[in-house]
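This report concerns only the one structure given below.
The values are calculated or read from the model by the stated rules, or taken from the named source; none is laboratory data. Because the structure is predicted, anything quoted here is derived from the model rather than measured. Here the Cβ positions follow ideal geometry from the backbone for every residue, glycine too, while neighbour counts run over all protein chains shown. We work out accessible area using only protein heavy atoms, side chains counted, and drop any ligands, DNA or RNA first. Shrake-Rupley method; radii C 1.70, N 1.55, O 1.52, S 1.80 Å.
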Amino acid sequence: MQQTFKSVEMKDLDELAKKLITQHPLKIWLMLGEMGAGKTTLVKSFCKALQVVDNMISPTFSIVNEYKTESQSSVFHFDFYRIKNQQEAFDIGVEEYFYSNEYCFIEWPERIPDLLPEQFMQVSIAIENENQRTIQVTQHG
C-alpha cells in the first residue's frame, strides 16, 4: 500500500501525521529524505498526534530519545546519522526498542538495514521547494 501527498506545507503536517497514525497500525516508522527535508519536523507532528507530553528534540547526538505520552506509553525517536556502523546501533539495543510494541520513528534507517524489522511504514520526504514537500508513505511487510 502506498500513498503520495504532494505540495505538503509545514502547516499541514500535524493534520497529515494524525491521519497517517490513525490509518496505519504499524508502530515502526522509517523516515527517509535528504538533510533538511523535514524528517525531524514530521516526527514532531507524529508525536503531537500521539499526545506526547515531553519536549521533543532531535536525538542527533544521543542516537535515541524517549518521549512519554499522556497515557504514559513511550515513543522512541532515533537518529542514526552519526553512527559509524550497524554494530553501534545493535550495542544500544535497538532490537529491544523495535520489538517493544511502542512507536519508533527512525531517521537515517538506511544506516542499519540489517537491524530493521520485517514490518514497517516508510515515509519518504522529497523537497519540492522551500515551503512544500512531497511525502510518500509505503507499508512494508
Output for the stretch 76-126, where each listed residue is of a type in the set (A, V, I, L, M) and either part of a helix (DSSP H, G or I) or touching a residue at least 60 places away in the same chain (Cβ under 8 Å) (or both): ALA89, VAL94, ILE106, LEU115, LEU116, MET121, VAL123, ILE125, ALA126
PRO59 passes all but one of the listed conditions (1) out of contact with any Asp or Glu (no Cβ under 8 Å at 6 or more places or on another chain); (2) in a loop (DSSP other than H, G, I, E, B); the exception is number (1)
Which ones in the stretch 1-37 are closer than 27 Å to GLU96 by Cα, open to solvent by less than 50 Å² (accessible area, probe 1.4 Å) and either in contact (Cβ under 8 Å) with a residue 60 or more places away in the chain or among the small types (Gly, Ala, Ser) (or both)? ALA17, LEU20, HIS24, LEU26, ILE28, TRP29, LEU30, MET31, LEU32, GLY33
Take THR134 and tell me if it is closer than 19 Å to MET1 by Cβ and touching a Lys or Arg at 6+ places or on another chain (Cβ under 8 Å). yes
State which residue pairs qualify: first residue open to solvent by less than 20 Å² (accessible area, probe 1.4 Å) and inside the stretch 40-69, second residue assigned to a loop (DSSP other than H, G, I, E, B) and among the small types (Gly, Ala, Ser) in any location, beta carbons under 9 Å apart, and separation of 6 or more residues or different chains. LEU42/GLY33; VAL43/SER58
Among the numbered conditions (1) open to solvent by 40 Å² or more (accessible area, probe 1.4 Å); (2) charged (D, E, K, R); (3) farther than 22 Å from THR4 by Cα; (4) out of contact with any helix residue (DSSP H, G or I) (no Cβ under 7 Å at 6 or more places or on another chain), tell me where GLU128 comes up short. (3)
Under the condition of being open to solvent by less than 10 Å² (accessible area, probe 1.4 Å) and not β-branched (Val, Ile, Thr), which residue from the stretch 80-96 is nearest to the chain's Cα centre (by Cα)? PHE80
